[in-house]
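The values are calculated or read from the model by the stated rules, or taken from the named source; none is laboratory data. On a predicted model such as this, the values are computed, not experimentally measured, just so you know. Positions of Cβ are generated from backbone atoms using ideal geometry, with glycine treated the same way; all protein chains shown enter the neighbour counts. Each accessible area value is taken on the protein alone, full model and side chains, heavy atoms only, with ligands, DNA and RNA left out. Shrake-Rupley method; radii C 1.70, N 1.55, O 1.52, S 1.80 Å.
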Amino acid sequence: MPLALLALAVSAFGIGTTEFVMMGLLPDVADDLGTSVPTAGYLVSAYALGVVIGAPLLTALGSRVPRKRMLVALMAVFTVGNLASALAPTFGLLVAGRLLAGLPHGAFFGVGAVVAARLVKEGRQARAVATMFLGLTIANIVGVPAATLLGQHLGWRATFLVVAAVGLVAMAALARLIPPLPAERHTGLARELRALGDRQVLLGLLTTVFGFAGIFAVYSYLASMMTEVTGFAAGSVPLVLALFGIGMTLGALAAGPLTDRALRPTLYGSLGALALVLVAFHYTAPVKWAALVTVVLVGGIGFLTTTPLQMLVMNKARQAPTLAAASNQSAFNLANAGGAWIGGLVLSAGWGWTSPTLVGAVLAAAGLVVALLAGFLDRGAPDPARIVARGGEPAPEQAATVATATDAAVR
């Protein structure tokens, strides 16, 4: 794999750390700024809102910008947002800093996914995209626990200063390792939006929302489940979260080769397995060793869905692969917010701490139904060429070969 993928992975590590670390720092932030923990929870929502807004907006605005310059600029916005968060004197300004830090998230992964695919030969594109996402999963093993401990001992502001420093390192790595790449052939915003409105792309985004909401319905309340049901001490929660991150990493490592080999079967299998393992979690949660094994499985199987979902929308929106990949990041964050909200509803209704696992299973099953429907509707349809691996559409003499390879992988 090219070294340039390392620069993308380092950037993803920083983004993943700042996205998830706030969940562990809410009590510290609330105490320091004189607000309640539920109110401080808006800081999580502010970041997610930034992702949803920034993904399509910044991708569209930067459609004519060379890819390397675009990646560095997006990481610069991310760094400024984290620096602003660290220095924010009031809760309102901290919300603004979190919103700013979230704005480049979706656009970065959208541009980064297309760049990663361009850096490798045909047939290894999903593996390249999965390598970039490895940075995100490693953030959950190392970055989030370490940043949480740092915030608890040196203050939450120190955490965001360190993440801003990671952003600077990522910018330097991107500038040094990413080769010069032109922007994709610009076809006009209206045409790109039409490509994004393709039925298969919309069904892919809907699959992301439902399928990943199943994970976040559980992950959002995993700490409470482990202490209230499984019986772990609060000090053991970082270890449990690290195990979840290990599962995510294993899932990411498996997702690339499996997706390159058979995209839709990988998607169907991972969503079906996710629904089953979430049901199993409802019964294994009271047993410590079984709960820990299930936590790893939920992280691994859940993250196995990400690469095929990302590649599917990129392949189907071949006129706007970057915009589609960025919009898929918005869908992931809608799943984050929606899954946490639905999980909270069943907890508030008094269904018990393990009830989010069953809700998550239903959501994952709904994602599988949407994915199967999309596959059925796509049967017999001429499949577009794979994402444009070298920028622009494939040459006419290459199109038939590439389309045939894609047809085998997607189906």
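Sorted by accessible area with a 1.4 angstrom probe, largest first, how do LYS68, LYS316 fall?
From most accessible down to least: LYS68, LYS316.
Please compute the Kirkwood hydrodynamic radius over segment 283-330, one decimal place, Å, based on all pairs of different Cα atoms.
12.6 Å
Leaving out ligands, DNA and RNA but keeping every protein chain, what accessible area does VAL95 have, in Å² rounded to the nearest 10, with a 1.4 Å probe?
Around 40 Å² of this residue is reachable by solvent.
Please identify, among VAL129, VAL229, VAL114, the residue showing maximal mean-square fluctuation in a Gaussian network model of the chain using a 10 angstrom Cα cutoff.
VAL229
Mind putting a number on the dipole of segment 1-124 about its Cα centre? Charges go on the C-beta only, +1 for Lys and Arg and -1 for Asp and Glu, and I need it in Debye to the nearest 20.
Details: 8 positive and 5 negative charges, 173 e Å.
Roughly 820 debye for segment 1-124.
Let me check I have the definition right: for segment 253-390, take the eigenvalues of the Cα gyration tensor, multiply each by 5, take square roots. What are those semi-axes in whole Å, largest first?
Whole-Å semi-axes of the equivalent ellipsoid: 31, 16, 13.
Could you derive backbone 3J(HN,Hα) for segment 337-353 from the dihedral phi with the Karplus parameters 6.51, -1.76 and 1.60 (θ = phi - 60°), listing whole Hz in sequence and x where the residue is Gly or Pro?
Coupling constants for segment 337-353: 5, x, x, 5, 5, 5, x, x, 4, 5, 5, 5, 6, x, 7, x, 5 Hz.
On a full-extension model of 0.36 nm per residue, what is the gain between SER224 and ALA290, subtracting their alpha-carbon distance, rounded to one decimal in nm?
This chain segment gains 22.1 nm when fully extended.
Got a sec? What order do HIS282, HIS153 fall in by accessible area at 1.4 Å, biggest, i.e. largest, first?
So, going from the largest accessible area down, we get HIS153, HIS282.
Going from most exposed to least, what order do ASP378, ASP32 have by accessible area with a 1.4 Å probe?
Of ASP378, ASP32, the descending order of accessible area is ASP32, ASP378.
Going from the alpha-carbon gyration tensor of segment 1-131, what semi-axes, largest first and in whole Å, does one get by taking the root of 5 times each eigenvalue?
31, 15, 11
For every helix of n ≥ 4 consecutive DSSP H residues, a contribution of -39,500 (n - 2.57) applies; sum these over the chain, divide by its total residues, and give [θ] at 222 nm rounded to the nearest 500 deg cm²/dmol.
Roughly -26500 deg cm²/dmol at 222 nm, from the helical runs in the chain.
On the full set of protein chains, 1.4 Å probe, figure out the accessible area of TYR221 and give it in Å² to the nearest 10.
Accessible area, nearest 10 Å²: 50 Å².
For the chain, what percent of Cα pairs sit more than 41 Å apart?
Numbers: 8440 of 84255 pairs.
Summing the P(r) tail past 41 Å for the chain gives 10 percent.
For the modelled label position 7 Å from the Cα of TYR283 along Cα-to-Cβ, which residues of segment 350-370 have backbone nitrogen atoms closer than 12 Å?
No residue passes the distance filter.
Looking only at THR148, THR90, THR79, which one moves most when the chain is put into a Gaussian network model with springs between Cα atoms under 10 Å?
In this elastic network of the chain, the residue with the biggest mean-square fluctuation among THR148, THR90, THR79 is THR90.
Based on the alpha-carbon set only, what is the convex hull volume of segment 58-130 divided per residue, in Å³? Don't skip to the answer; put the middle values down first.
Details: hull volume 6.4 nm³, N = 73.
Hull volume over Cα atoms, normalised by residue count, gives 87 Å³.
Convert 10 °C to kelvin, take the viscosity as 1.306 mPa s, use the Kirkwood radius over C-alpha pairs of segment 235-325 as Rh, and evaluate the Stokes-Einstein diffusion coefficient in µm²/s, rounded to a whole number.
Answer, rounded: 114 µm²/s.
Roughly how much of LEU58 is accessible, in Å² to the nearest 10, using a 1.4 Å probe?
Ignoring ligands and nucleic acids, LEU58 comes out at about 40 Å².
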